[in-house]
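Okay, structure first, notes after.
The values are calculated or read from the model by the stated rules, or taken from the named source; none is laboratory data. Nothing here was measured: the structure is a model prediction, and the numbers come from that model. All Cβ positions, even for glycine, are placed from backbone atoms using ideal geometry, and neighbour counts span all protein chains on display. With ligands, DNA and RNA removed, areas are computed over all heavy atoms of the protein, side chains included. Shrake-Rupley method; radii C 1.70, N 1.55, O 1.52, S 1.80 Å.
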Amino acid sequence: MNLKNLIREIPDFPIPGVNFKDISTLIKNADAFHHIIVTMADYYRSFNPELVVGIESRGYILGAPLAYELGCGFVLVRKPGKLPAETEKIEYALEYGTNALEIHKDSINPGDKVLIVDDILATGGTVAATAELVQRLKGEILGYAFLAELDFLKGREKLKKLGDAEIFSLVHYDE
């Protein structure tokens, strides 16, 4: 299945110079959506994750069904002010600005085996910030799963500096 052909590209969104990868055209295709979740689950099943951490908001689209398929729990990472209980917060830089993320302090126990999921790996800033949140809560990161990776932005290199967790992307873009 050629997933790349199902991802719509929007030039100059959200700012000029960014070629946005819109996954909505892919996930509306039931066969493609099922294929993505099953393929990711098959790849990580032997890792035996206990939790899938999804990054707001498109990471939820992939993370929740992946957690279900793997038979493990699902943890939300959200923008500030969206989680009701006590949170851990991190501020970080991304490819077109800055942002912040939060996670409930009680969502991960020390030693929990975690798989972090998002739709796109670009510069790696958002995912690296999420990894730091997981590490602050003493979770063990087993891997990172993405629908697509923008190889030319070298986000993979940033994640490799954080440890030897497995990085899996279904689609790659060279530019």
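Summary of computed values
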| read-out | value |
| --- | --- |
| Global form of the stretch 84-166, assessed from the alpha-carbon gyration tensor, a/c cut-off 1.5 | oblate |
| Positive-end residue of 32, 70, 43, charge dipole of the stretch 1-77 with Cβ unit charges | 32 |
| Net charge dipole size for the chain [Lys, Arg +1 and Asp, Glu -1 on Cβ; Debye, nearest 20] | 200 |
| Of 145, 93, 67, the one that fluctuates the most in a GNM where the chain has Cα springs shorter than 10 Å | 93 |
| Inter-part distance where the stretch 1-39 and the stretch 110-126 are each reduced to a Cα centre, Å | 19 |
| Among 111, 142, 6 the positive-end extreme of the charge dipole of the chain (Cβ point charges) | 111 |
| FRET E, pair residue 154, residue 109, Förster distance 25 Å, beta-carbon r, rounded to 0.05 | 0.15 |
| Accessible surface of the stretch 120-175 [probe 1.4 Å, protein heavy atoms]: carbon and sulfur percent | 47 |
| Positive minus negative residues near residue 102 (Lys, Arg vs Asp, Glu; Cβ under 9 Å) | +3 |
| Most mobile listed residue (42, 119, 31) in the chain, GNM with C-alpha springs under 10 Å | 31 |
| Debye, to nearest 20: dipole size of the stretch 71-123, +1 on Lys, Arg Cβ, -1 on Asp, Glu Cβ | 100 |
| Cα→Cβ-extended label distance, 7 Å offset, between residue 93 and residue 47, nm | 2.7 |
| Pairs beyond 19 Å (Cα-Cα), from 113/138; 105/138; 113/158; 82/154; 4/28 | 113/158; 82/154 |
